[in-house]
1. Over 30 Å from Glu9 (Cα atoms), at pLDDT 95 or above, hydrophobic (A, V, I, L, M, F, W, C) and not assigned by TED's automatic domain parsing to the domain that holds Leu164, is that true of Leu234?
2. Is it fair to say Ser82 is in the same structural domain as Glu186 (by TED's automatic domain parsing), farther than 30 Å from Glu186 by Cβ and surrounded by fewer than 17 Cβ atoms within 10 Å (Cβ to Cβ)?
3. Name the pairs: first residue in the stretch 220-238 and part of a loop (DSSP other than H, G, I, E, B) and among the basic types (Lys, Arg), second residue exposed (fewer than 15 other Cβ atoms within 10 Å of the Cβ) and modelled with pLDDT under 95, Cβ to Cβ under 9 Å, at least 6 apart or on different chains?
4. Please go through (1) under 26 Å from Ile134 (Cβ atoms); (2) touching a residue at least 60 places away in the same chain (Cβ under 8 Å) for Val53 and return the number of the only condition it doesn't satisfy.
5. Name the helices (runs of 4 or more DSSP H) wholly within the stretch 124-212 that hold at least 2 residues that are out of contact with any Pro (no Cβ under 6 Å at 6 or more places or on another chain), surrounded by fewer than 18 Cβ atoms within 10 Å (Cβ to Cβ) and of a type in the set (A, V, I, L, M)?
6. Quick test for you: out of Pro242, Pro316, pick the one residue that is surrounded by fewer than 20 Cβ atoms within 10 Å (Cβ to Cβ), touching a Pro at 6+ places or on another chain (Cβ under 7 Å) and part of a loop (DSSP other than H, G, I, E, B).
7. Tell me which residues, restricted to the stretch 279-299, are buried (at least 17 other Cβ atoms within 10 Å of the Cβ), over 17 Å from the mean Cα position of the chain (by Cα) and assigned to a helix (DSSP H, G or I).
8. For the stretch 125-168, name all the residues that are among the aromatic types (Phe, Trp, Tyr) and modelled with pLDDT of 85 or more.
Amino acid sequence: MEKSQTGIEIKTFAERIVANIERVIVGKREAVELAVIGILAEGHILIEDMPGVGKTMLARSLARSLGCSFSRIQFTPDMLPSDLTGVYIFNQRSREFEFRPGPLLAQVVLADEINRATPKTQSALLEAMGERQITVDGVSHELPNPFMVLATQNPIEYEGTFPLPEAQLDRFMLRVHLGYAEPEQEIEILDRQQHEHPLDSLKAIATADELSAAQAAIKDIFVSPAVKGYIVNLTRALRDHPEVYVGPSARASLGLYRTAQARAGIQNRDHVLPDDIKALADSVVAHRFLLRPETRIRELSPSDILYETLRQMPIPT
């Protein structure tokens, strides 16, 4: 693929980011590439897995690889919405109220263990993630560009967690799982951290302007009418599925569209294939719809229903 009109080579840009992150994250190439696809598609990313598998390290490595302003929020049950957005404080010298911004006013926000906070605090992220602004005491404040939320959470069955509201889950473009490392990978992790953590020496290898240019270049990648129909037919089939209680929204279709463009770009293609949709469907769509109670009793997951639906759909040529 030739350089885009923005002058940036998407594949080269993505490979630089992935290689930098893999200096810290061992043996999780697929998860790392998914995270990079998410930032190229201008989406928010939810990293979900058991404690200790590297969720926070992946988010911090991705944030540190980008030359963007960064803030980390450690979510706790006693956290308030104002702890995220900021507050107005009365200045006795100027006799006026001044806005003290919270950690949400950064380009890359790491929301660590987001489901440790109560739903009231979690909902403070809704406006920021959906509209790229926050409102405090009736005054709106624009968030910087680019803006992305990298959230980590433990499984909802884990002790001391609160499930994320469905409306907030829908605002995460991608859900990424890491899983435990293989034995040889775990040995490599031990070797790398013998003297210091590799994150300590990780440097930014891309600027915010380069990221914005790559995000703009992604939108030029061609998506044929047949592939667009494939995306819409998938989300509509899930809405009409007898085992589905609440189907995926149009935001799911848009998420598949954007991430498929990003995947095509990092694979050096100027067009999207049906294989891109099939490869990304689970990470983009499975967390956006709810199953009926009787379906969950039979221990079927959204991923099971999604893959069954994909198998039954004709693939466009």
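1. yes
2. Values: in the same structural domain as Glu186 (by TED's automatic domain parsing): yes; farther than 30 Å from Glu186 by Cβ: yes; surrounded by fewer than 17 Cβ atoms within 10 Å (Cβ to Cβ): yes.
It is true that Ser82 is in the same structural domain as Glu186 (by TED's automatic domain parsing), farther than 30 Å from Glu186 by Cβ and surrounded by fewer than 17 Cβ atoms within 10 Å (Cβ to Cβ).
3. Nothing qualifies.
4. (1)
5. Working: elements: 124-131, 166-169, 183-192.
So the answer is 166-169, 183-192.
6. On the way: Pro242 fails: touching a Pro at 6+ places or on another chain (Cβ under 7 Å).
So the residue among Pro242, Pro316 that is surrounded by fewer than 20 Cβ atoms within 10 Å (Cβ to Cβ), touching a Pro at 6+ places or on another chain (Cβ under 7 Å) and part of a loop (DSSP other than H, G, I, E, B) is Pro316.
7. Residue satisfying the conditions is Thr295 alone.
8. Taking the stretch 125-168 and keeping what is among the aromatic types (Phe, Trp, Tyr), we get 147, 158, 162.
If the condition is that a residue be among the aromatic types (Phe, Trp, Tyr) and modelled with pLDDT of 85 or more, then Phe147 is the only one that fits.
The values are calculated or read from the model by the stated rules, or taken from the named source; none is laboratory data. Treat the numbers as computed from the prediction; the structure is a model and nothing was measured. Reconstructed Cβ throughout: ideal geometry from the backbone, glycine too, with neighbour counts over all protein chains shown.
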